[in-house]
Amino acid sequence: MNLLFALLVGLLIGLLARALYPGAQRFGWFSTILIGLLGSALGRLLCWVLGISGGPGLLGSIIGALLLIWVLARIAEIPPDEDQRERTEDEE
């Protein structure tokens, strides 16, 4: 039961972070759950480093997931979707 709850929370955090991050991301359900779980862990680490007691909470977890998506986008240089490329070419 705890594993199921952790997966659902990871999915929620991952979905919220993906919705807030600008541009399209090509992550599946499994990747979204991992981003949410690892983002929560990163948020907890950041709270510990900054001396914030009580853990990251929802906001800290989302911030951690956003940072993780940003790092992944920089490492992989994820190209935009086809629709976004067409819009960019039309604007020029």
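The values are calculated or read from the model by the stated rules, or taken from the named source; none is laboratory data. The shown structure was predicted, so the numbers you read here are calculated from the model rather than taken from an experiment. Counting neighbours? That spans all protein chains shown, and the Cβs are built from the backbone with ideal geometry, glycine included.
Here are some notes:
- Enumeration of residues in the range 37-62 that are under 22 Å from residue 6 (Cα atoms) and outside any helix (DSSP H, G or I): 53, 54, 55, 56
- Scan of the range 21-33 for residues that are crowded, with 16+ Cβ neighbours inside 10 Å and closer than 16 Å to residue 5 by Cα, ordered by number: 32, 33
- Selection count where residues are closer than 20 Å to residue 74 by Cα and assigned to a helix (DSSP H, G or I), scope the range 17-29: 4
- Search result, residues across the range 4-17 that are of a type outside the set (A, V, I, L, M, F, W, C) and farther than 11 Å from residue 63 by Cα: 10
- Neighbours by Cβ (under 9 Å, 6+ apart or cross-chain): first from the range 63-79, in a loop (DSSP other than H, G, I, E, B); second at pLDDT below 85: 78/23; 78/24; 78/25; 78/26; 79/26; 79/85
- You will find that of 45, 11, the residue that is closer than 25 Å to residue 75 by Cα, surrounded by fewer than 19 Cβ atoms within 10 Å (Cβ to Cβ) and touching a helix residue (DSSP H, G or I) at 6+ places or on another chain (Cβ under 6 Å) is 11 and no other.
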